[in-house]
Amino acid sequence: MDKKQALISGAVASLVAIGMMSVAHADDKAGKEKCYGIAKAGKNDCASANGSHSCAGQTKADNDANDWKYVAKGTCEKMGGSSKPGAKK
């Protein structure tokens, strides 16, 4: 195999790997929903709905109504959470 073929093969393999990672990530969220008001301090899954922080793991208080975690669909309200940010429990 010459250098050009090796380069093309490497590029194709990289694209296939990236595509497989995207599918795996999408599957992680299948069957889940955002549940606000149940995350413990430092255990939220992403940014706060009110803009108080922009990343996972940054919530300062337990059960903040603007911080969320992914949970199995249909279980949020049973856990005392809400599907809407800032909603009272």
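No value in this document is a laboratory result; all are computed from the given coordinates. Keep in mind that this is a model prediction, so the values were computed, not measured. Virtual Cβ from ideal backbone geometry, glycine too; neighbours counted across all protein chains shown.
Observations, loosely collected:
- Least to most buried among Asp2, Asp45, Asp62 (fewest other Cβ within 10 Å first): Asp2, Asp62, Asp45
- Pair Lys43, Ala30: separation of 7 Å Cα→Cβ label points (nm): 2.7 nm
- Cβ-based net charge around Asp67, under 12 Å, with every Lys or Arg adding one and every Asp or Glu removing one: +2
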